[in-house]
Amino acid sequence: MEANTANYAEPAAADRSVPAIHLEHITKRFGAVTANDDVSLTVYHGEILSILGENGSGKTTLMNMISGIYYPDHGKIFVDGEEVVIRSPKDAFRYKIGMIHQHFKLVDIFTATENIVLGLKEEGRFSLKRAAGRVRKICNRYGFDLDPNKKIYEMSVSEKQTVEIIKVLYRGADILILDEPTAVLTPQEAQKLFAVLRRMRDAGKAIIIITHKLHEVLSLSDQVTVLCKGRYAGTVNTAETNESQLTEMMVGRKVTLNIDRSEPKNPTDRLIVKGITCKNREGAELLHNVSFTARSGEILGIAGIAGSGQRELLEAIAGLQHVDGQILYLNPSTNQSDDLRDKTPEQIRELGVRLSFVPEDRLGMGLVGNMDIVDNIMLRSYKKGRSIFLERKAPKSLAEKIIRDLEVVTPSTATPVRRLSGGNVQKVLVGREIAAAPTVLMAAYPVRGLDINASFTIYNLLNRQKESGAAVIFVGEDLDVLIELCDRIMVISSGRISGIVDARTATKEQIGLMMTQNTAEGGESHGSRA
């Protein structure tokens with residue numbers, strides 16, 4: 001989403017005489033669970049309103065009622081000062097309301113333009129060329145960078161999101177709702193999106209963003225409405241608040257946002273990676289001559305621009321990628337070394353090496369959406385069953401412990417995982433892997449999509465794993481967190497290691513520079529070294 005000022009409209013003053021959207025005493029229940037309880041909020045044209053709350057606080061449910069996916073049990077919805085009834089997304093579009101969801105609804109083999117016009121009825125003879133021209137005009141007005149004729153399967157995640165946004169603008173939306181729009185974007189892509197959203201606001205659009213990222217709220221929005229356990233906790237002007245106040249409103253109590261990093265005790269080499277190289281099906285290198293050591297009692301952070309090889313590296317260690325080179329696991333039980341490269345994923349897990357990977361598709365790595373929490377806990381042990389009757393008492397106790405410790409919002413352990421919010425799905429996944437007491441724990445983006453309180457819970461859980469003697473490998477997006485949480489930080493750039501630094505003395509600027517380097521060879525001997 002490149003900033004493009006061509007045909008950019010002059011900022012339009014927000015009309016604060018009549019709200020674009022006004023919700024009055026909205027309540028929504030699902031059986032015994034009350035998702036929203038007597039919630040009211042207001043957003044005006046020419047304004048960006050952030051909806052902030054913990055995972056499961058009812059943010060998405062509330063917006064789904066504005067967009068016609070759910071219908072409120074009680075309360076009223078007003079659009080431009082008039083009470084309306086919204087029973088379907090078609091009704092929402094009639095009132096110029098469009099919602100961009102976390103999970104895109106696009107046809108991969110269609111072009112951007114074909115997806116944008118899909119389902120629309122237009123007067124006269126339809127012209128795809130004319131539609132593509134209109135898409136270009138929308139791009140020029142707001143600063144999107146998109147080829148209308150590009151196929152969806154050829155696009156990056158940010159390009160797909162652009163298609164979804166233009167789809168609602170093409171249909172004439174003046175009120176836009178974005179659900180966690182930066183959850184799968186790089187920091188650079190997020191900044192480009194923010195520039196586009198500011199242009200849309202200045203052109204008179206009313207924009208509502210569901211988010212949990214406090215720094216984004218403070219940098220982007222004009223006002224913030226906070227939900228706490230499904231109830232309205234208040235609305236504040238962004239310029240007059242701070243992270244501490246917003247966190248207290250979200251959680252309902254004062255929260256200390258500190259990562260208690262302990263000093264490594266008796267660090268011992270646990271995983272030695274030697275010169276591994278990985279190629280894709282076309283023969284292009286994804287990893288080149290990568291070498292490093294992960295030690296017990298230590299958190300090794302991995303920093304890098306998205307797509308630099310982080311995923312392939314962790315999947316190679318977990319036995320999910322074929323690589324050349326050596327991945328030596330020094331087994332603390334036998335004092336012997338095993339080359340993981342020759343092991344199946346199941347054999348690697350039996351040795352105590354755990355991969356807790358949270359990709360863009362949260363249900364895509366080891367959780368089954370239609371199964372309940374207990375069954376998902378049991379997935380790791382089905383093959384050990386010695387009879388047709390599976391023992392559920394221990395997995396149920398573990399599920400209850402994960403729900404309690406990580407504050408998973410769910411009616412019960414019997415709730416299908418697909419019915420949980422994205423952040424709560426993630427807590428179940430991370431909690432299950434940590435509960436296995438691994439000797440090597442690889443956590444890739446474990447707090448992606450989590451609210452700030454849950455994120456700090458995960459950080460402290462990783463610290464506890466480190467203190468129990470595990471070697472923790474943590475792939476993160478937030479450099480501030482990497483510097484505060486980790487003992488060493490390994491920087492990866494274009495599939496090569498550009499250096500390893502001491503997290504206690506490293507700076508964001510130093511790491512950022514290393515993230516853009518293209519080294520000739522990968523390994524611990526290059527760049528700064530801890």
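Assorted remarks:
- Set side by side, the residues Ile77, Ile66 differ, and just one is more than 24 Å from Val409 (Cβ to Cβ) and not small (Gly, Ala, Ser), which is Ile77.
- Among the residues of the range 434-447, those identified as in contact with a Leu (Cβ under 7 Å, 6 or more places away or on another chain) and crowded, with 19+ Cβ neighbours inside 10 Å are Ile434, Val440, Met442, Ala443, Ala444.
- Every condition in (1) surrounded by 21 or more Cβ atoms within 10 Å (Cβ to Cβ); (2) among the hydrophobic types (A, V, I, L, M, F, W, C); (3) under 25 Å from the mean Cα position of the chain (by Cα) holds for Val157 except the one numbered (1).
- Looking at Lys151, Lys129, Lys167, just one residue is basic (Lys, Arg) and surrounded by 17 or more Cβ atoms within 10 Å (Cβ to Cβ), and that residue is Lys167.
Results for (1) under 21 Å from Met63 (Cα atoms); (2) out of contact with any strand residue (DSSP E or B) (no Cβ under 7 Å at 6 or more places or on another chain); (3) assigned to a strand (DSSP E or B), shown as yes or no for each residue.
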position	(1), (2), (3)
Glu159	no, yes, no
Gly172	yes, yes, no
Pro181	yes, no, no
Gln188	no, yes, no
Lys192	no, yes, no
Gly234	yes, no, yes
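- Residue within the range 468-478 that is hydroxyl-bearing (Ser, Thr, Tyr), surrounded by fewer than 24 Cβ atoms within 10 Å (Cβ to Cβ), modelled with pLDDT under 95 and more than 23 Å from the chain's Cα centre (by Cα) present: yes
- Test for Ala14: is it closer than 21 Å to Glu216 by Cβ, in contact with a Phe, Trp or Tyr (Cβ under 9 Å, 6 or more places away or on another chain), part of a loop (DSSP other than H, G, I, E, B) and modelled with pLDDT under 90: yes
- Of all residues in the range 176-191, those that are in the same structural domain as Glu216 (by TED's automatic domain parsing) and under 20 Å from Lys105 (Cα atoms) have Cβ atoms under 6 Å from Cβ atoms of residues that are charged (D, E, K, R) and modelled with pLDDT under 80, 6 or more apart or on another chain, in Val184/Glu360.
- Applying a threshold of 7 Å to beta carbon distances and a minimum spacing of six or more residues, or different chains, the list of pairs starting in the range 248-274 at a residue that is polar (S, T, N, Q) and ending at one that is modelled with pLDDT of 80 or more reads Ser262/Asn463; Ser262/Glu467; Asn266/Gly297; Thr268/Arg295; Thr268/Ser296.
- Qualifying positions in the range 415-439 - in contact with a helix residue (DSSP H, G or I) (Cβ under 8 Å, 6 or more places away or on another chain) and of a type in the set (Val, Ile, Thr): Thr415, Val417, Val425, Val428, Val430, Ile434
- Number of residues in the range 484-503 that are outside any loop (DSSP other than H, G, I, E, B) and either small (Gly, Ala, Ser) or free of Cβ contacts under 8 Å to residues at least 60 places away in the same chain (or both): the value is 5.
This table checks each residue for (1) among the aromatic types (Phe, Trp, Tyr); (2) free of Cβ contacts under 8 Å to residues at least 60 places away in the same chain; (3) under 30 Å from Thr42 (Cα atoms).
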| site | (1), (2), (3) |
| --- | --- |
| Val117 | no, yes, no |
| Arg125 | no, yes, no |
| Met155 | no, yes, no |
| Val163 | no, yes, yes |
| Arg199 | no, no, yes |
| Ile208 | no, no, yes |
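- Within the range 85-101, the set of residues being touching a strand residue (DSSP E or B) at 6+ places or on another chain (Cβ under 6 Å) and either surrounded by fewer than 17 Cβ atoms within 10 Å (Cβ to Cβ) or over 16 Å from Asp174 (Cβ atoms) (or both) comprises just one member, His101.
- Test for Leu450: is it of a type outside the set (Ser, Thr, Tyr), at pLDDT below 80, under 23 Å from Glu54 (Cα atoms) and surrounded by 15 or more Cβ atoms within 10 Å (Cβ to Cβ): yes
- If you filter the range 282-314 down to residues that are under 19 Å from the mean Cα position of the chain (by Cα) and of a type outside the set (A, V, I, L, M, F, W, C), you find that the one that is nearest to Met515 (Cα to Cα) is Gly304.
- Strands (runs of 3 or more DSSP E) completely within the range 252-343 that count 1 or more residues being more than 22 Å from Pro446 (Cα to Cα) and outside the structural domain of Val226 (by TED's automatic domain parsing): 269-279, 285-295, 324-330, 337-339
- Residue match in the range 279-288 (condition: touching a Cys at 6+ places or on another chain (Cβ under 6 Å), buried (at least 18 other Cβ atoms within 10 Å of the Cβ) and closer than 24 Å to Val501 by Cα): yes
- Residues considered: Glu83, Glu47. Of these, the only one that is assigned by TED's automatic domain parsing to the domain that holds Gly230 and within 16 Å of Ile209 (Cβ to Cβ) is Glu47.
- Residue in the range 208-227 that is in contact with a Pro (Cβ under 7 Å, 6 or more places away or on another chain) and either crowded, with 20+ Cβ neighbours inside 10 Å or under 30 Å from Ile21 (Cβ atoms) (or both) present: yes
The values are calculated or read from the model by the stated rules, or taken from the named source; none is laboratory data. None of the values given here were measured: they were computed from a predicted structure. Because the Cβ atoms are built from the backbone with ideal geometry, glycine has one as well, and the counts that use them run over all protein chains shown.
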